[in-house]
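One structure is given below, encoded as structure tokens.
Read the figures in this text as sums done on the coordinates, not as results from a lab. Note that this is a predicted model, so its numbers are computed, not measured. Quick reminder, even Gly has a Cβ in these numbers, built from the backbone with ideal geometry, and neighbours come from all protein chains shown.
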Amino acid sequence: MRSAPLLAAAALLAAPLAAQAVIVNPGDSTAPWLGYMNVFELPSNGGGFVFGSGWGVPDLVASFNDPMQSLTLSPNTIGDPHPFWYIGGGGPGAMGNKIMEANLYVETTDTLSGQEVTFQGLVLSNSFTSAHVASIFIRDFAPDYSSLNEVSIPLTPGAFSLTLNTLPGAGRHVQYGFQVRGVNVWFTDTAPFGNAVILTGIPAPAAMGLGILGLITTARRRRA
């Protein structure tokens, strides 16, 4: 007869290993950020996909302020006045002719596969109008990017945390970051469309509480 300790050990060996828990946070400008832009027709023109390609981080538009530990996401802009981008041609006051989906993210290959990945941080503010939708995501791609699993949540002020159990396997790509989707805006006209600001440091619980308190105080001042 086998002893209870031996049976317990055998059960542990037979059981599948639990996924390792990994926490990632937004980094500053020195983090390995990547940019990718997907472009679509306006809904009034059918909303079809036009193209997608890698873009520079500043072109998304994403700007870092490392001394202030902040990342600002602004409406998508294009400086090309061609009617492809703007109805009737570009310039101050021109109406955008495309929906642009700006993705700012960190990507790893293999290192986060088969793990419980949690992306957490603090959104300091989000003043985007209804013309743009901002979100936070984790994506787990197949080696050839032909399929993916993903989770996403709206980018709303306050602490955020989302988790994805990534699939095991060599060559899989895990991305975590932020997306802004909306009509393109002439670069001099972005202010009325709002923006979003994210903390790029690692917030301690007390700091997260102070950040949320600061947001509430700011909102009250604006209503006064």
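A few notes on this one:
- The largest-to-smallest principal axis extents of the Cα set in the range 82-135 are 49, 27, 14 Å.
- If you wrap the Cα atoms of the range 19-223 in a convex hull and average its projected area over all directions, you get 12.6 nm².
- Alpha carbon centroid spacing (whole Å) that separates the range 135-150 from the range 44-102: 23
- Under 5 Å, built H, 5+ apart or other chain: amide partners of Ser70: Asn65, Thr200
- Contact order, relative form, for the range 19-223: 28 percent (alpha carbon pairs under 8 Å, 6 or more residues apart, mean separation divided by residue count).
- Selected from Trp85, Val197, Ala31, residue furthest toward positive end of dipole (the range 19-223; charges at beta carbon): Val197
- In Å, descending, principal axis extents of the Cα set of the range 34-121: 48, 34, 18
- Between the amide H of Phe128 and those of Asn195, distances stay under 5 Å, these residues lying 5 or more places away or on another chain, with hydrogens modeled in the peptide plane.
- Full-stretch length increase - Ser63, Ile202 - with 0.36 nm per residue and alpha-carbon distance subtracted: 48.2 nm
- The length gained on full extension between Ile153 and Val22, counted as 0.36 nm times the residue separation minus their Cα-Cα distance, comes to 45.3 nm.
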